[in-house]
Amino acid sequence: MHNNAFSLSKTDRKLGILIDPDKHTEDDLTDFSKKIQELDPDFILIGGSLIYKSKISASAKLLQTLTDKPLVLFPGHFTQLTDYVDAVLLLSLISGRNADLLIGQHVLAAPKLKSMNAQIISTGYMLIDGGRPTSVSYMSNSQPIPADKTDIAICTAQAGELIGMKMIYMDAGSGALQPISPQMVADVANAIDIPLIVGGGIRKVEALDAYWNAGANLIVIGNALEEHDSALLRELSRKKSN
Ligand code: 1GP
């Protein structure tokens, strides 16, 4: 049994790779996970906006045999809950005002979550405008926080912390044109006492140091690594071997 704990602290500088099972066949997922394993990320996240439970379960089960990294579910819907993960980010879309994503999905998910062995991590999820509509902004029927409204981002993150959430995830959305500015990350990180996750549209290896230096504790990269022959994959491998 795969049993790796997910942990994240305010001083961590960690890297997570997001895998969307919809973008992979089984063979391709095996190849891709080998490449990812070589990068030695701290976590592998699995999730997406449209995946069916059977696909996410099969992919998570396969990934558990292919990697010893903690596997973290980043669910797009409560039906994606699967036993083949080490942790679940219980996301509340605190940048939006869609009650279903603030409490409705949680109610539907609760019985399953209570029966799981995985760590359940209450996470304040904040969408930040990344320059174009993304799957998550469309599917969540919510408006992202404008990219230059740092004051709103700070108050939203602080509210999540005060409600009792264990971490904040700032996301420009998968495939965002503009990743979140390191300045906004720094301002939010300085305003909260819980760990901060940052992702969305990251395509350059330099962004990692910029975000870690700004106070991000976990950086999540998905799209850019899943594109075939990814330049970022090569850059990351080089960074790691230096
Ligand atoms: C999306 O933060 C993640 O929710 C990752 O985004 O796929 O653009 O890297 P990318």
Charges only on Cβ, +1 for Lys and Arg, -1 for Asp and Glu: so what's the dipole of the chain about the Cα centre, in debye to the nearest 20? 240 debye
Contour minus end-to-end for Asn98 and Met116, with contour as 0.36 nm per residue of separation and end-to-end as the Cα-Cα distance? 3.8 nm
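For the pair Lys239 and Asn141, what calculated FRET efficiency results from E = 1/(1 + (r/R0)^6), where r is the Cβ-Cβ distance and R0 = 30 Å, to the nearest 0.05?
With R0 = 30 Å, the Cβ-Cβ based efficiency is 0.20.
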Would you list the P(r) distribution for the chain, with all Cα-Cα distances sorted into 5 Å bins from 0 and each bin expressed as a whole %? 1, 7, 15, 20, 22, 18, 12, 5, 1, 0
Based on DSSP H runs of at least 4 residues, each adding -39500 (n - 2.57), what is the mean residue ellipticity at 222 nm of the chain after dividing by all its residues, to the nearest 500 deg cm²/dmol? -11000 deg cm²/dmol
Say a paramagnetic label sat at a point 7 Å from the Cα of Tyr52, along Cα to Cβ; which residues of the stretch 75-94 have their backbone N under 18 Å from it? 76-83
Just order 13-19, 218-224 by mean Cβ neighbour count inside 10 Å, highest at the front, would you? 218-224, 13-19
Restricting to lysines and to Cα separations under 23 Å from Lys240, and discarding same-chain partners fewer than 8 apart, the set is Lys10, Lys14, Lys34, Lys35, Lys69, Lys204
In nm, the gap between the two label points placed 7 Å beyond Cα toward Cβ at Lys61 and Ser7 is 3.1 nm
Pull up the cross-link candidates among the aspartates and glutamates for Lys114, meaning alpha carbon to alpha carbon under 17 Å and not fewer than 8 places away within one chain. Asp83, Asp86
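Rounded to the nearest 0.05, what FRET efficiency do Ile152 and Asn213 give with R0 = 30 Å and r taken as the Cβ-Cβ distance? Could you check?
After rounding, the FRET efficiency stands at 0.80.
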Assigned charges on the beta-carbon of Lys, Arg, Asp, Glu; the stretch 192-242 dipole about Cα centre (debye): 180 debye
Which value in nm describes the separation of the simple spin-label points at Glu227 and Lys35, placed 7 Å from the Cα toward the beta carbon? 1.2 nm
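Read-outs: derived from the displayed coordinates by stated rules, not from any lab. Note that the structure is predicted; figures quoted are calculated from it, not measured. Positions of Cβ are generated from backbone atoms using ideal geometry, with glycine treated the same way; all protein chains shown enter the neighbour counts.
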